[in-house]
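In what follows, a structure is listed as structure tokens, so that the remarks can point back to it.
What follows is calculated from the coordinates using simple rules that are stated; it is not laboratory data. Keep in mind it's a predicted model, so treat the numbers as computed, not measured. When we count neighbours, we look across all protein chains shown, and the Cβ atoms used for this are built from the backbone with ideal geometry, even at glycine.
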Amino acid sequence: MRLTVLGGCGAWPTALEACSGYLVEHEGFSLLVDPGYATFPRLLRYGDADTVDAVLVSHGHPDHCADLHPLLRARALSDAPPAPLPVHAPHGALDAVLALDRPGMLAGAYRRHDFTPGDRFEIGPFTVSTRLLPHFVPNAGLRIATPDAVLAYTGDTGPSDEIARLAEGADVFLSEATYVHQVPEADARYLLTARLAGRYATRAGVARLLLTHLWPGTDPATAHAAAAELFAGPVAVAAPDLVLGVGTAAPQRGPRHPA
């Protein structure tokens, strides 16, 4: 399994970084996870819109799903539209994004597969197990597995014992880390810190921790250091064009097909 980071910025994109977006590939199948703000242009560094085989969304906040819209437009309005794109998301999570165009305009561009967090299903070569994790809206933690590798991803979440269960023994634990040491009191039930991500990584016995969804302007080195206080294994911060071989290879940088 190969993981490519398209973006890992929380809340809104910056001039240099897109919001959450991850390309997960195995056996020639490309799964786009959380196409947040500004991820579609990053995706085009790796292939055309029609090279995506399926989309999987953790929750309905726009920094995790807004760029599904340009992706579907690019497919629907091309000279030779590809087959409808399977799109998997919690019930109702994509209603706002899919309503941006006139009714019916994108209807032939996608096939909707709504699920309830807690469900387990197959997408191409991947087995996806989901868990309900606490956030401002229903959020599905995602465990994406092949026979040889496991990627666990929190989406956005607050503290929960379910996080360690989701990530148990994962090769890569992709964890939200909006703040470094402390979440503001009003949001403490719904978001994590880099330090907490390190604690959950240790509890789950993961092989590698990858921090994501940092608040814009956060120093990645500070987040890295906070996580490493509680997790002794390899720690990295999700950055554009970071490529990881999940379960097999060390991190590599750089797009495979530069624009």
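A few notes on this one:
- Its Cα gyration tensor gives segment 2-253 an equivalent ellipsoid; the semi-axes, largest first and in whole Å, are 28, 19, 17.
- Å³ per residue enclosed by the Cα convex hull of segment 84-127: 63 Å³
- Efficiency of FRET between THR202 and LEU100 - r from beta-carbon atoms, R0 51 angstrom, step 0.05: 0.75
- Subtracting the Cα-Cα distance of THR222 and GLU27 from their residue separation scaled by 0.36 nm leaves 66.6 nm.
- Placing pseudo-labels 7 Å out from each Cα toward the beta carbon at HIS91 and THR127 gives an inter-label distance of 2.6 nm.
- Across the chain, the longest run free of exposed loop sites, meaning GluC sites (Glu not before Pro) lying outside DSSP classes H, G, I, E and B with no more than 15 other Cβ atoms within 10 Å, spans 28-167.
- Per-residue Karplus couplings for segment 6-12, computed as 6.51 cos²θ - 1.76 cosθ + 1.60 with θ equal to phi - 60°, are listed in order as 8, x, x, 8, x, 6, 8 Hz, Gly and Pro entered as x.
- Taking amide H as placed 1.01 Å from N in the peptide plane, LEU56 has its amide H under 5 Å from the amide H of LEU32, VAL33, ASP34, HIS88, each at least 5 places away in sequence or on another chain.
- Two-decimal ratio, segment 18-123, of alpha-carbon radius of gyration to 2.2 N^0.38 Å: 0.98
- With Cα atoms as the point set, the radius of gyration and Dmax of segment 66-203 evaluate to 17.1, 51 Å.
- Semi-axis lengths, Å, segment 1-42, gyration tensor of Cα atoms, sqrt of 5 times eigenvalues: 21, 8, 8
- The slack in the chain from VAL137 to ALA11, taken as 0.36 nm per residue of separation less the alpha-carbon distance, amounts to 43.9 nm.
- FRET efficiency for ASP161 and ALA80, using Cβ-Cβ distance with R0 set to 45 Å, rounded to 0.05: 0.40
- 3J(HN,Hα) along segment 66-77: 4, 7, 4, 4, x, 4, 5, 4, 4, 6, 5, 9 Hz, from the Karplus curve 6.51 cos²θ - 1.76 cosθ + 1.60 with θ = phi - 60°, whole Hz, x for Gly and Pro.
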